[in-house]
Amino acid sequence: MAQKLAAVEAHTHGVGRVAISMDSNEFAVILAAPGMDVVGFEHSAENDEERAEVAAAISDFSEPLRLFNLPSEAGCETASANVALVGVGFGQVDDKTENHTREHAEFQADYVLECEEIDLVTSIRFTYFELFPDAQKLDISLISVEGAFSYTVYRDQPVLTLQD
């Protein structure tokens, strides 16, 4: 699951993207979320307050089991977590306001979780929405031994029930 979500599509405010791969005892996740959803802005941090907001968000993203909850009986633990704040579209002219540049920064994270009983991962609760109030939905792609699936979870319905 080495592919990055950044190449999939441009982001939309309020909408994050998640790719999940499950096999044997490994649960791999790639998460991409617009900076606007996470910290309320997409430009480079310009002052100490904005730098602190970015640092806090990176800290939150560094702990995947704070962003989504898996059934405890599955015995999942974080094996690795990599987080980056990246810019997309810097220097492009905005279609709506001539002569202004648009910046689209997003948080990207990839995780590997190891689970003692991955078959017991039958649902995922996205507490991500509780941490980031501007986030509205997550578009999810999942690949497992059962096949490939697409889901969407919303702020008001943050639990994903997986296919049997």
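The values are calculated or read from the model by the stated rules, or taken from the named source; none is laboratory data. What you see is a predicted model, and the numbers here were worked out from it, not measured in a lab. Here the Cβ positions follow ideal geometry from the backbone for every residue, glycine too, while neighbour counts run over all protein chains shown. When the accessible area is computed, the model is the full protein with side chains, heavy atoms only, and any ligands, DNA or RNA have been set aside. Shrake-Rupley method; radii C 1.70, N 1.55, O 1.52, S 1.80 Å.
Taking the range 17-56 as the range and being in contact with a strand residue (DSSP E or B) (Cβ under 8 Å, 6 or more places away or on another chain), surrounded by 21 or more Cβ atoms within 10 Å (Cβ to Cβ) and in a helix (DSSP H, G or I) as the test, the residues that pass are 35, 37, 38.
Among the residues of the range 67-80, the one identified as surrounded by 14 or more Cβ atoms within 10 Å (Cβ to Cβ), in a helix (DSSP H, G or I) and either modelled with pLDDT under 95 or more than 12 Å from the chain's Cα centre (by Cα) (or both) is 74. Total residues in the range 131-163 satisfying the condition of being in contact (Cβ under 8 Å) with a residue 24 or more places away in the chain and of a type in the set (Asp, Glu): the figure is 2. Among the residues of the range 81-103, is any open to solvent by 40 Å² or more (accessible area, probe 1.4 Å), under 18 Å from residue 13 (Cα atoms), in a strand (DSSP E or B) and modelled with pLDDT of 95 or more? The answer is no, given that none of the residues of the range 81-103 is open to solvent by 40 Å² or more (accessible area, probe 1.4 Å), under 18 Å from residue 13 (Cα atoms), in a strand (DSSP E or B) and modelled with pLDDT of 95 or more.
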